[in-house]
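The values are calculated or read from the model by the stated rules, or taken from the named source; none is laboratory data. These numbers come from a predicted model, not from an experiment. Ideal geometry is used to build each Cβ from the backbone, glycine not excepted, and the neighbour counts take in all protein chains shown. SASA here: full protein model, heavy atoms, side chains in, ligands and nucleic acids out. Shrake-Rupley method; radii C 1.70, N 1.55, O 1.52, S 1.80 Å.
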Amino acid sequence: WALVADVRSGDEASSPYSPALQRAVAVLAGPSTERFPLRGSMGRITLVVGAGERGVLALDGLGRAPEDRIYAAWLVPPGSAKPVRVATFSGDEPAVPLSRRVGRGALIGVTLEAEPVPERPSRTLRLVAVRD
């Protein structure tokens, strides 16, 4: 919440925060926001879904990915078995906006991948949350 307060207290026109981070904060602070901790992440990654099914991964102490590796977030839509990459991130960010909407029943998973990130996860999704 300190992140939300900090971004909201600044003038948007002169804010040093990226538009993506500002959008993420809008989702995090929304009145209808739902939170789903990713199982296996020990509380370090939480899926946050706000108005319009906009999703964000909130990171808390995840830590930077090792050299030549990057985290990838995957969306598995309800009724599908095919993950779609919705974000890549270093692990240093406080929040990561997802590129697709997160509908009810969707699964979000995170993997650690070698760069360049493949089109499909290189391993089974173990850090996961399902939006119910």
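A single member of Leu62, Leu75, Leu112 is of a type in the set (A, V, I, L, M), under 14 Å from Phe36 (Cβ atoms) and either in a loop (DSSP other than H, G, I, E, B) or at pLDDT 95 or above (or both), and it is Leu75. When the residues of region 93-117 are filtered to those that are surrounded by fewer than 16 Cβ atoms within 10 Å (Cβ to Cβ) and among the aliphatic types (A, V, I, L, M), the one that is nearest to Tyr71 (Cα to Cα) is Leu112. Looking only at residues in region 16-33 that are outside any loop (DSSP other than H, G, I, E, B) and open to solvent by 50 Å² or more (accessible area, probe 1.4 Å), the one that is modelled with the lowest pLDDT is Arg23. Looking only at residues of region 81-92 that are more than 23 Å from Gly63 (Cβ to Cβ) and out of contact with any Phe, Trp or Tyr (no Cβ under 9 Å at 6 or more places or on another chain), we find that the one that is most open to solvent (accessible area, probe 1.4 Å) is Lys82.
Under the condition of being within 22 Å of Arg54 (Cβ to Cβ) and charged (D, E, K, R), the residues counted in region 93-130 number 4.
Across region 118-129, the number of residues qualifying as surrounded by fewer than 17 Cβ atoms within 10 Å (Cβ to Cβ) and either β-branched (Val, Ile, Thr) or within 14 Å of Glu67 (Cα to Cα) (or both) comes to 1.
Tallying residues that are within 22 Å of Glu113 (Cα to Cα), charged (D, E, K, R) and in contact with a strand residue (DSSP E or B) (Cβ under 8 Å, 6 or more places away or on another chain) within region 32-87 yields 7.
How about region 58-90: which of its residues are touching a residue at least 40 places away in the same chain (Cβ under 8 Å), closer than 15 Å to Gly103 by Cα and not β-branched (Val, Ile, Thr)? Result: Trp74, Pro83.
Starting from residues that are part of a helix (DSSP H, G or I) and at positive phi, keep the ones in region 36-59 and report whichever is most open to solvent (accessible area, probe 1.4 Å). Lay out the reasoning, then the answer.
Filtering region 36-59 for residues part of a helix (DSSP H, G or I) gives 51-53.
Then keep just the ones that are at positive phi; that gives 52-53.
Numbers: Gly52: 47, Glu53: 68 Å².
Here the residue is Glu53.
Residue-level check: of (1) under 17 Å from Leu125 (Cα atoms); (2) aliphatic (A, V, I, L, M); (3) surrounded by fewer than 19 Cβ atoms within 10 Å (Cβ to Cβ), Val76 misses just (3).
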